[in-house]
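Participant: The following block contains the structure, expressed as structure tokens.
The values are calculated or read from the model by the stated rules, or taken from the named source; none is laboratory data. What you see is a predicted model, and the numbers here were worked out from it, not measured in a lab. Here the Cβ is made from the backbone with ideal geometry for all residues, glycine too, and neighbour counts use every protein chain on show. Each accessible area value is taken on the protein alone, full model and side chains, heavy atoms only, with ligands, DNA and RNA left out. Shrake-Rupley method; radii C 1.70, N 1.55, O 1.52, S 1.80 Å.
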Amino acid sequence: MTLVREDRKWKVLTLPPPTGLHDEAWMELVDSTVERAWDRWCYAQQHAIRAARVHVKPLLALAVARAAWNNYWLLCLDAERLRERVTDGRGRRAGGTFGARRL
């Protein structure tokens with residue numbers, strides 16, 4: 001949970017820990033979590049827009065939308081870093097190109 005304001009909290013999502021499954025299955029879980037964070041930001045953004053239109057706690061709704069965006073963005077960055085690590089472990093360079101493994 002993150003404190004948005006004194007009277008409001010927002011539950012942040014976290015990426016799932018490695019499950020011991022194949023890298024592809026785990027990355028699907030990671031991607032699903034990032035997608036869920038995007039959906040939650042869209043939901044919060046819609047509420048912020050509505051709150052501004054009807055003049056009902058627009059600053060609170062905007063703070064929630066910002067918290068949702070920050071959660072989504074940080075998950076995107078973490079997922080990309082994990083994706084590079086998984087790809088790098090398969091003999092590819094971090095830039096996505098194939099390369100010979102060094103022994």
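Participant: Going by the conditions given, is residue 9 open to solvent by 70 Å² or more (accessible area, probe 1.4 Å), at pLDDT below 95 and closer than 30 Å to residue 82 by Cα?
Facilitator: Judged against the criteria, residue 9 is a match.
Participant: Conditions first: (1) free of Cβ contacts under 8 Å to residues at least 12 places away in the same chain; (2) under 15 Å from the mean Cα position of the chain (by Cα). Residue 83 passes all but one, so which condition is the exception?
Facilitator: Of the numbered conditions (1) free of Cβ contacts under 8 Å to residues at least 12 places away in the same chain; (2) under 15 Å from the mean Cα position of the chain (by Cα), the odd one out for residue 83 is (1).
Participant: Which residues, counting only those in the stretch 21-56, are under 22 Å from residue 80 (Cβ atoms), open to solvent by 80 Å² or more (accessible area, probe 1.4 Å) and either assigned to a loop (DSSP other than H, G, I, E, B) or among the hydrophobic types (A, V, I, L, M, F, W, C) (or both)?
Facilitator: Within the stretch 21-56, 21, 22, 38 meet the criteria.
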